[in-house]
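Notes to accompany the following structure.
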Amino acid sequence: MHLLPIGLQLLALALLSLQSQYPFDRGTCNVSVDVDKYIRFERRVATAAIVANIGPQGAKARGVKAGVVVASPSKHEPDYFYSWTRDSSLVFKLLIDQHALYNDAILRQHIDNFIGAQAVIQNLASPSGGLFTGGLGEPKFNVDLTAFHGPWGRPQRDGPALRSTAMITYANWLIDNKNITHVQSTLWPLIKLDLDYVATNWNQTSFDLWEEVSSSSFFTAVVQHRALREGANLASKLQRVSYNYGKPADNILCFMQSFWNPSGPYMTANTGGDRSGIDLNTVLASIHTYDIAAGCDAITFQPCSDRAIANLFAYVKAFDMYKINDGVEDYFSTGRYPEDVYYGGNPWYLATFAVAEQLYDSLHVWNTEGFLQITPLSLPFFRQFDPTADPGCHFNTSRKFVTLTSRILEYADSYLLLAARYTPQDGALAEQYDRDTGTPVGARDLTWSYAAALTAFNARDGTGGKSWGAKGLIVPDVCRRGGGPSVKVSFNVFAKTVHGENIYITGSSTELTNWNPEDALILSPEYYPTWSITIDLPANSDIEYKYIRKHKGNVAWQSGLNNRMTTHTGGNATRSDTWWRSEF
Ligand code: NOJ
Ligand code: NOJ
């Protein structure tokens, strides 16, 4: 090159650097080099592409109001030139996290614009209602900050939860940076509107995040649960003690457990919909409620929990029918759900990134905690990487831990390489890529696709998962869906027991575990020989119940007819029963 004139040298350099823009080098076997290249390249493209989709100055957001994010610049087939509360909130949650990491002043301006735009949106009267009459569940708006009046799948109740999570994250940053006044005056009032909506409406029917199924949805419940927990924490930081979000949060946590399908095993996406229930919905639920402090907790469905790992395994396997997955053994391109027919049913970029992200989050927890636990539930997932893997706890000093974590990292990276393979040369990310050919399909420059790329890259760096209060939660004894009136009933039974024997109760309502002796509620022997427990039961209902004894694995039921009672509104009650030992 030194023989060429300087101008030509520069040209050659420019050509070389253009060439090196293409991130995925098919010729090399060195996986990690390619992943790093792709991340460096796509991080830059994605960051710019997100900003291009935000008004008022975004290059692809002409005529869009300040702080409004378009889902995609595509105006027909499909027309995504609107602002969805879900997409916008997920995007701004990312930008708020980026801002906290890099303290970027330009981002700060976008964030403040976003807050301003949401304050307007919250107040719009829409087909879902007005501010206090359901309007917060409206899913999408015109880019000039007016309501959209066309027919749509509404309401979608994940929006207010995701929006408050984004705003709470920003509020916490402001508090840490000594700007509590701004939080009190500007952010809290908006956050409170969303949280109050979630607290009172979480148990109402809603369209799912794919805007198709009207029922209850796991993703929606999970993000609502998170919002209420961190909202309760913020309220107490601001000394707004009167807001009690803990109670509905407990009830949602309870409800979340009912989506688990043990015979899958996987988490079912919706209570309606007539499908298998295998759905990206659940993977997104896990990564968007990741809390580093909660370890691999299964009840909050943490990314590394045995439930979420088993769920990921079932989810990925459900997409072997895409032609582009032919000949691939275990890392399939994945879509929303196997039955999907939207645009013919294709893999989505944001789905591909989500699989990688769940695993990066998991690796981060395993490495931080210094061990990895395999249970019978998660075993099939781990056996893919080591056929000799067994249930048990593997410490980071063991060969097993090292082998498993390095292979899982490679596996997660292979998902980024899949995304890389189907990313066009210029780095643009559409919504989907074709199930047969891998070419981009659907809305171009989908803002959410770019955000999903960036959150996955951040997860690989281990910068995600700031704690929101998932740690140490327990599922309450009583799951209350209806929110109808309840009464407290104290059950006392005089029952002598031998050492090691305990008294339980079960009966004819959900609260009494529906006659299931395995889940029967244990009574306290505090006033032995009287055993007691106080339970919230629905008011105005006829209840039947029985006590059981459990001793060394044996279960004995109280003999004779069931005990019966009727509960009345406002009528807390006490039952005093006797169970003589004769039948044991
Ligand atoms: C059907 C798709 O499946 C859904 O996800 C989408 O939001 C609507 N059409 C509107 O484009
Ligand atoms: C269709 C997706 O199903 C939905 O989740 C999303 O909000 C809209 N497109 C806009 O991106």
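Which residues, counting only those in segment 183-196, are of a type outside the set (A, V, I, L, M) and either surrounded by 24 or more Cβ atoms within 10 Å (Cβ to Cβ) or at pLDDT below 95 (or both)? Spell out how you get there, then give the answer.
Initially, segment 183-196 is screened for residues of a type outside the set (A, V, I, L, M), giving 184-186, 188-189, 192, 194, 196.
The one that is of a type outside the set (A, V, I, L, M) and either surrounded by 24 or more Cβ atoms within 10 Å (Cβ to Cβ) or at pLDDT below 95 (or both): 194.
Only one of the numbered conditions (1) within 16 Å of ligand 1 (Cβ to nearest atom); (2) part of a helix (DSSP H, G or I); (3) not basic (Lys, Arg) is not met by residue 209, and that is (2).
Any chance segment 221-230 includes a residue that's assigned to a helix (DSSP H, G or I) and within 16 Å of ligand 2 (Cβ to nearest atom)?
Step one: filter segment 221-230 for residues assigned to a helix (DSSP H, G or I), giving 221-230.
Applying the additional criterion that residues be within 16 Å of ligand 2 (Cβ to nearest atom) yields 222-223.
Yes: segment 221-230 contains one or more residues that are assigned to a helix (DSSP H, G or I) and within 16 Å of ligand 2 (Cβ to nearest atom).
Residue-by-condition table, conditions (1) open to solvent by 20 Å² or more (accessible area, probe 1.4 Å); (2) in contact (Cβ under 8 Å) with a residue 40 or more places away in the chain; (3) touching a helix residue (DSSP H, G or I) at 6+ places or on another chain (Cβ under 7 Å):
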site: 144; (1), (2), (3): yes, yes, no
site: 147; (1), (2), (3): no, no, no
site: 164; (1), (2), (3): no, yes, yes
site: 171; (1), (2), (3): no, yes, yes
site: 181; (1), (2), (3): yes, no, no
site: 216; (1), (2), (3): no, yes, no
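Sort out which residues of segment 86-107 are of a type in the set (Ser, Thr, Tyr) and either in contact with a strand residue (DSSP E or B) (Cβ under 7 Å, 6 or more places away or on another chain) or without any contact (Cβ under 8 Å) to a residue 40 or more places away in the chain (or both), and write them in order of number. Answer for segment 86-107, where residues must be of a type in the set (Ser, Thr, Tyr) and either in contact with a strand residue (DSSP E or B) (Cβ under 7 Å, 6 or more places away or on another chain) or without any contact (Cβ under 8 Å) to a residue 40 or more places away in the chain (or both): 88, 102.
For segment 533-545, does any single residue satisfy the condition of being open to solvent by 80 Å² or more (accessible area, probe 1.4 Å), of a type in the set (Ser, Thr, Tyr) and farther than 14 Å from residue 578 by Cα? Checked against the condition, which is being open to solvent by 80 Å² or more (accessible area, probe 1.4 Å), of a type in the set (Ser, Thr, Tyr) and farther than 14 Å from residue 578 by Cα, segment 533-545 yields at least one hit.
Restricting attention to segment 125-142, and to residues there that are in contact with a Ser or Thr (Cβ under 9 Å, 6 or more places away or on another chain) and among the aliphatic types (A, V, I, L, M), which single residue is most open to solvent (accessible area, probe 1.4 Å)? So that I can check it myself, show each step before the final result.
So the first thing to find is which residues in segment 125-142 are in contact with a Ser or Thr (Cβ under 9 Å, 6 or more places away or on another chain), and the list is 125, 134-142.
Pick out the ones that are also among the aliphatic types (A, V, I, L, M) and you get 125, 136.
Numbers: 125: 72, 136: 9 Å².
In this case the residue turns out to be 125.
The set of residues from segment 319-330 being in contact (Cβ under 8 Å) with a residue 12 or more places away in the chain and open to solvent by less than 70 Å² (accessible area, probe 1.4 Å) comprises 319, 322, 324, 330.
For the condition of a type in the set (A, V, I, L, M, F, W, C) and under 18 Å from residue 157 (Cβ atoms), residue 294 does not qualify. Just give me the residues in segment 334-379 being charged (D, E, K, R) and more than 16 Å from ligand 1 (Cβ to nearest atom), in sequence order. Once the filter is applied, which keeps residues that are charged (D, E, K, R) and more than 16 Å from ligand 1 (Cβ to nearest atom), segment 334-379 yields 357, 361, 369.
If only residues of segment 481-519 that are modelled with pLDDT of 90 or more and among the small types (Gly, Ala, Ser) are counted, the one that is most open to solvent (accessible area, probe 1.4 Å) is 500. Any idea how many residues of segment 58-94 are within 16 Å of ligand 1 (Cβ to nearest atom), of a type in the set (A, V, I, L, M) and open to solvent by 10 Å² or more (accessible area, probe 1.4 Å)? Of the residues in segment 58-94, 1 are within 16 Å of ligand 1 (Cβ to nearest atom), of a type in the set (A, V, I, L, M) and open to solvent by 10 Å² or more (accessible area, probe 1.4 Å). Among the residues of segment 321-362, those that are in contact with a Lys or Arg (Cβ under 9 Å, 6 or more places away or on another chain) and more than 16 Å from ligand 2 (Cβ to nearest atom) comprise 321, 322, 323, 324, 325, 330, 332, 333, 356, 357, 360.
For residue 357, are the conditions met, namely being over 22 Å from residue 90 (Cβ atoms) and open to solvent by 10 Å² or more (accessible area, probe 1.4 Å)?
Working: over 22 Å from residue 90 (Cβ atoms): no; open to solvent by 10 Å² or more (accessible area, probe 1.4 Å): yes.
For residue 357, the condition - over 22 Å from residue 90 (Cβ atoms) and open to solvent by 10 Å² or more (accessible area, probe 1.4 Å) - is not met.
Tell me which residues, restricted to segment 385-433, are in contact (Cβ under 8 Å) with a residue 60 or more places away in the chain and assigned to a loop (DSSP other than H, G, I, E, B). If you could, list the steps in order and put the result at the bottom.
Quick first cut of segment 385-433, residues in contact (Cβ under 8 Å) with a residue 60 or more places away in the chain only: 410-411, 413-423, 425-433.
Residues satisfying the conditions are 422, 423, 425, 426, 427, 428, 429, 430, 431.
Residue count for segment 319-344 satisfying the condition of being touching a strand residue (DSSP E or B) at 6+ places or on another chain (Cβ under 9 Å) and either aliphatic (A, V, I, L, M) or at pLDDT below 95 (or both): 1. For segment 279-299, the criterion of a residue being more than 16 Å from ligand 1 (Cβ to nearest atom), open to solvent by 10 Å² or more (accessible area, probe 1.4 Å), among the hydrophobic types (A, V, I, L, M, F, W, C) and over 18 Å from residue 472 (Cβ atoms) is satisfied by at least one position. The set of residues in segment 260-277 being farther than 17 Å from residue 341 by Cβ, surrounded by 16 or more Cβ atoms within 10 Å (Cβ to Cβ) and among the hydroxyl-bearing types (Ser, Thr, Tyr) consists of 266, 268, 271.
The values are calculated or read from the model by the stated rules, or taken from the named source; none is laboratory data. All figures in this text were calculated on a predicted structure; none of them were measured in a lab. A quick note on method: Cβ atoms are made from the backbone with ideal geometry, for glycine too, and the neighbour counts reach across all protein chains shown. In case anyone asks, the SASA skips ligands and DNA or RNA and just uses the protein heavy atoms, side chains included. Shrake-Rupley method; radii C 1.70, N 1.55, O 1.52, S 1.80 Å.
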